[in-house]
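Enquirer: One structure coming up, written as C-alpha cells, with questions to follow.
Coordinate-derived values only; no laboratory data. From a predicted model like this one, the values you see are computed outputs, not experimental measurements. Note: ideal-geometry Cβ built from the backbone for every residue, glycine included; neighbour counts use all protein chains shown.
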Amino acid sequence: MVDEAKKKEVLEKMRNGVIQYDEDACKEGAQEALDLGMDANEAIFDGLVSGMEEVGRLFEAQEYFVPEILMCADALYAGLDILKPHCQQMDIGLKGAVVIGTVEGDVHDIGKNLVKMMFDVAGFNVYDLGRDVPLDKFVEEQLKTDSDLVCLSAMMTTSMVGMPKIIEKIKEKNPDCMIMIGGAPTSKELADKWGADGYAEDASNALKEAIKMVSFLKKLRDEKAGKK
Ligand code: B12
C-alpha cells in the first residue's frame, strides 16, 4: 500500500518543481514516487502535468514569460525522463500505427509528447514528426508508413488553421486513414467541422479514442477480407 500522505508530498514536490523550474526537485520527486511504488502514469499527470497547468495560469496572468516557461518545460522533462520508462505497458491486443506531430508554425510539444507516450505504452507503432511540422509532411508520412491514424496537435489559434488543410489532403489520398486532432484551442465541434474522425481533450482520452478507431479499422479490414 502506498502511504497516502507521503504520496501527496511527492506529487506536490514534482508540481512545485515544475512551477519553480527546479529540475533537481522534479528528478528527486520522480525517483521518490518510484521508490514509493506509485504508478508512474499517475506521478506524471498528477505531479508534473499539474504543475505545468499552473504555469499556464501564471503565463496568462503575465507573472511568467517565455524564458521562465522554457525552464519549467525543462524541469517537467527532467522528471518525465525518469518516470517514462516505468509506465506500465498495456497489452491491448492491437498493433496500431500512428503518425503524430505538432502542426506548422507551432512549437508547443509537451502535450503532443504526452499523447505519444500513452501510445507507446499501449504498444502502438508511433512515427513522431516532432513540432512545427510542414503540413504536407503529415500527408507524405501517412502514405509512406500506411499508418492507421494521424494525430495532429496545435496549441495556438493561428496554427490550428493548418489542420483542415492536412485533413482534406489525407482524406483525398487515403480515405481509410483516420485522423484525430487535439490541443487546447481545438474541440469536438472543430473536429466535426473539419472532417476529422476524432478529438480528445487529454492524453488518456486520446488513447481511448485511438483504440476505438484502430479497432474499427481492423474490423472493417477483416470484413473486407471475408473474416467474421
Ligand atoms: C509551455 C508553453 C509554451 C512553451 C512551449 C514549450 C514546449 N516545448 O512545448 C514556449 C515558451 C516555447 C511557448 C511559446 C509560445 N507560446 Co506558449 N504556452 C505554453 C503554455 C504555458 C503551456 C502549454 C502546455 O505545455 N501545457 C501543458 C500540456 C500538458 O497541456 P496541452 O499542451 O494542452 O496538452 C494536452 C491536451 O491539449 C491534449 N493534446 C495536446 N495535443 C494533442 C494532440 C492530439 C491528437 C490529442 C488527441 C490531444 C492532444 O493532451 C495533452 C496532454 O493531456 C500555454 C498556456 C496554457 N494554458 O496552455 C501557452 C500558450 C499555448 N502559448 C501561447 C503563445 C501565444 C505563445 C507564443 C506566441 C508566445 C510568444 N510571445 O512568443 C510562443 C509561440 C511559439 C510558436 N511559434 O509556437 C498562447 C496561445 C494563444 C492562442 N490561443 O493562440 C498560450 C495559450 C498562452 C496564452 N494564453 O497566451 N509557449
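Enquirer: Please quote Rg/Rh for the chain to two decimal places, taking the Kirkwood radius as Rh and restricting both calculations to Cα atoms.
Expert: Computed over Cα atoms, the ratio is 1.01.
Enquirer: Starting from the Kirkwood radius over alpha-carbon pairs of segment 4-86, derive D by Stokes-Einstein at 20 °C in a medium of 1.002 mPa s and give it in µm² s⁻¹.
Expert: Details: Rh = 12.1 Å.
Once the numbers are plugged in, D ends up at 177 µm²/s.
Enquirer: Would you mind telling me which residue in 148, 136, 35 has the biggest mean-square fluctuation in a Gaussian network model of the chain, where springs connect alpha carbons within a distance under 10 angstrom?
Expert: Of 148, 136, 35, the most mobile in the Gaussian network model is 35.
Enquirer: Once you place label points 7 Å from the Cα toward the Cβ at residue 39 and residue 66, how far apart are they in nm?
Expert: Result for the modelled spin labels: 3.8 nm.
Enquirer: May I ask you to derive the relative contact order of the chain, considering only C-alpha pairs under 8 Å and at least 6 residues apart, and to give it as an integer percent?
Expert: Details: 384 pairs, mean separation 34.4, N = 228.
Result for the chain is 15 percent.
Enquirer: May I ask you to derive the FRET efficiency for residue 89 and residue 59 from their Cβ-Cβ distance with R0 = 35 Å, giving the value to the nearest 0.05? Don't skip to the answer; put the middle values down first.
Expert: On the way: r = 34 Å, r/R0 = 0.98.
Computed FRET efficiency for residue 89 and residue 59: 0.55.
Enquirer: I want to verify a result. In a Gaussian network model of the chain, Cα cutoff 10 Å, which of these has the top mean-square fluctuation: 100, 181, 69?
Expert: Per the Cα network of the chain with a 10 Å cutoff, 69 tops the list.
Enquirer: Longer than 26 Å from Cα to Cα, which of 169/212; 84/173; 7/84 are they? Say none if no pair is. Walk me through the numbers before you get to the answer.
Expert: Details: 169/212 23 Å; 84/173 35 Å; 7/84 18 Å.
Where the Cα-Cα span goes over 26 Å, the pairs concerned are 84/173.
Enquirer: Run the quick spin-label model on residue 212 and residue 224: label points 7 Å from Cα toward the beta carbon, then report their separation in nm to one decimal.
Expert: For the pair residue 212/residue 224, the computed spacing is 2.2 nm.
Enquirer: Another question about this same structure. Between residue 165 and residue 205, what length in nm is gained on full extension when 0.36 nm per residue of separation is reduced by their alpha carbon distance? Walk me through the intermediate numbers first.
Expert: Numbers: separation 40, 0.36 × 40 = 14.40 nm, distance 2.44 nm.
Extending this stretch completely gives an extra 12.0 nm.
Enquirer: Connecting C-alpha atoms closer than 10 Å in a GNM of the chain, tell me which of 62, 89, 20 has the biggest fluctuation.
Expert: Of 62, 89, 20, the Gaussian network model singles out 62 as fluctuating most.
Enquirer: Another question, then. Using a 7 Å offset from the Cα along the Cα-to-Cβ direction at both residue 81 and residue 174, what is the distance between the two label points in nm, to one decimal?
Expert: 3.3 nm
Enquirer: Run the reach check for residue 218 against aspartates and glutamates, Cα to Cα strictly under 13 Å, same-chain hits fewer than 8 apart removed. What comes back?
Expert: 148, 176
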